[in-house]
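Just so you know, all these numbers are worked out from the coordinates, no wet-lab data involved. This structure is a prediction, so every number in the text was calculated from the model and none was measured. As a convention, Cβ positions derive from the backbone with ideal geometry for all residues, glycine included, and neighbour counts pool all protein chains shown.
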Amino acid sequence: MISAKQKCQMDEALLEQPAIMPAPEPEGTSLLTIIGFAFLTFNSAMAIYRSNRDVGAIAFVAFSYFDLLLLFYCLRLFERTEHGSPRRGQIKAAVWLLTTMLTAVFSYKVAAIMPLPVQVLVWAMASATVIGRFGGS
């Protein structure tokens, strides 16, 4: 039979261990990541090429592209930053800001082609997503 003191010591030892062991950090960049960024770059370039010099369309594509690049960069920094570091909180805030801006830009583009009741729904869903993302952090 285990005494109460031994059980308490075992519980404390378990609490000191991390719940999820961090995965080993990969060396370099994977081929799948390179292919994904090449695909994103190619599609963005093609969208700009086919925009017929529409400044609004070019700005939308360029903003979305650079926002995604920054978002993936910040996510990679976040994964590599030590848990409990104050820098981790700053990176998390940057990720939240970048995802919020991307959500707002896409919602604007979608709502622009919808009737008013659907526009309200699009903006309500975007707002709920942003607030939920902020509240859940």
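Is it true that L75 is surrounded by 15 or more Cβ atoms within 10 Å (Cβ to Cβ), touching a residue at least 12 places away in the same chain (Cβ under 8 Å), more than 22 Å from G56 (Cα to Cα) and not charged (D, E, K, R)? Give the derivation first.
On the way: surrounded by 15 or more Cβ atoms within 10 Å (Cβ to Cβ): yes; touching a residue at least 12 places away in the same chain (Cβ under 8 Å): yes; more than 22 Å from G56 (Cα to Cα): yes; not charged (D, E, K, R): yes.
Criteria met by L75.
In the stretch 35-62, what count of residues is obtained for those that are over 16 Å from A112 (Cβ atoms) and exposed (fewer than 15 other Cβ atoms within 10 Å of the Cβ)?
Residues that pass the stated criteria total 15.
From the residues in the stretch 108-137 that are closer than 26 Å to R76 by Cβ and touching a residue at least 12 places away in the same chain (Cβ under 8 Å), which one is nearest to the chain's Cα centre (by Cα)?
Filtering first and then ranking leaves R133.
Among R53, R87, R76, which is the only one that is on the phi > 0 side of the Ramachandran plot and not β-branched (V, I, T)? Spell out how you get there, then give the answer.
Values: R87 fails: on the phi > 0 side of the Ramachandran plot; R76 fails: on the phi > 0 side of the Ramachandran plot.
None of the others qualify; the one that does is R53.
Looking at the stretch 33-82, which of the residues that are of a type in the set (S, T, N, Q) and part of a helix (DSSP H, G or I) is farthest from A104 (Cα to Cα)?
Within the stretch 33-82, the subset of a type in the set (S, T, N, Q) is 33, 41, 43-44, 51-52, 64, 81.
Retained after the next criterion (residues that are part of a helix (DSSP H, G or I)): 33, 41, 43-44, 64.
Working: T33: 26, T41: 21, N43: 21, S44: 19, S64: 11 Å.
Taking the candidates together, the pick is T33.
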